[in-house]
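Enquirer: Okay, here's the structure, questions in a sec.
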Amino acid sequence: MEAEKNLEYYAALPYEIKITPSPEGGYVATIPDLPGCITQGETRLEVLEMIEDAKICWLEAALDLGESIDEPDWDLYNGRLNLRIPKSLHRKLAESAKREGVKLNQLAIYLMANGIGEQLTDKQV
């Protein structure tokens with residue numbers, strides 16, 4: 001039996017939240033899957049609380065208007081990435097990981113995240 005897609009259903013979905021510094025100070029938060037769902041606050045904690053309120057308001061308005069609501073598509077991002085790389089690169093990465101005392105996957109994640117300017121938490125690694 002499919003769950004009723006009401007406010008509680010959509011509010012519980014794991015929507016991605018993006019937080020960026022605001023040029024005027026403070027932070028801006030958006031939910032990319034909910035176009036126009038945006039807020040700002042002085043601190044990261046404040047903006048996280050405010051984006052939850054903005055999400056609820058956005059969802060209520062969309063449901064009242066009978067609008068289509070996109071759901072997060074996390075199944076596309078299952079955390080697996082298979083790559084074919086040159087043997088020489090594989091060797092260099094494995095040797096670097098050994099020197100650092102970490103697993104090859106951990107080193108690869110760190111290097112990729114650094115390359116795109118992301119800061120990863122222990123939970124994400």
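Read the figures in this text as sums done on the coordinates, not as results from a lab. This one's a predicted model, so the numbers in the text were calculated from it and none came from an experiment. As a convention, Cβ positions derive from the backbone with ideal geometry for all residues, glycine included, and neighbour counts pool all protein chains shown.
Enquirer: Cα axis of helix 104-115 to longest principal axis of the chain: angle in degrees, 0 to 90, nearest 10?
Expert: The angle comes out near 60 degrees.
Enquirer: Of Cys37, Cys57, Gln106, which is farthest along the charge dipole of the chain in the positive direction, counting Lys and Arg as +1 and Asp and Glu as -1 at C-beta?
Expert: Toward the positive end, the furthest listed residue is Gln106.
Enquirer: While we're on this one: Which residue, Gly115, Gly26, Gly41, tops the fluctuation ranking in a GNM of the chain built on C-alpha contacts under 10 Å?
Expert: In this elastic network of the chain, the residue with the biggest mean-square fluctuation among Gly115, Gly26, Gly41 is Gly115.
Enquirer: Here is a follow-up. Note down the magnitude of the dipole of segment 7-65 about its Cα centre, charges +1 on Lys and Arg C-beta and -1 on Asp and Glu C-beta and zero elsewhere, to the nearest 20 debye.
Expert: Numbers: 3 positive and 11 negative charges, 43 e Å.
So the dipole magnitude of segment 7-65 works out to roughly 200 debye.
Enquirer: How big is the dipole moment of the chain about its Cα centre under a simple scheme where the beta carbon of each Lys and Arg is +1, that of each Asp and Glu is -1, and everything else is neutral? Debye, nearest 20, please.
Expert: 1600
Enquirer: Given the options Ser22, Ser68, Ser96, state which has the largest fluctuation in a GNM of the chain using a 10 Å cut-off (strictly under) for Cα springs.
Expert: Of Ser22, Ser68, Ser96, the Gaussian network model singles out Ser96 as fluctuating most.
Enquirer: Still on this structure, please answer the following. Roughly speaking, what is the stretch gain from Glu46 to Glu95, that is 0.36 nm per residue apart minus the C-alpha to C-alpha distance, in nm to one decimal?
Expert: 13.3 nm
Enquirer: Work out the FRET efficiency for Arg80 and Val102 from their Cβ-Cβ distance, taking R0 = 22 Å, and round it to the nearest 0.05.
Expert: Efficiency for this residue pair is about 0.70.
Enquirer: The list (1) 50; (2) 63; (3) 41 gives values of percent of Cα pairs over 19 Å apart, and only one came from this structure; which label was calculated from it?
Expert: (2)
Enquirer: Next question. Using the alpha-carbon atoms, what tilt in degrees (0 to 90, nearest 10) does helix 44-65 show relative to the longest principal axis of the chain?
Expert: That works out to roughly 50 degrees.
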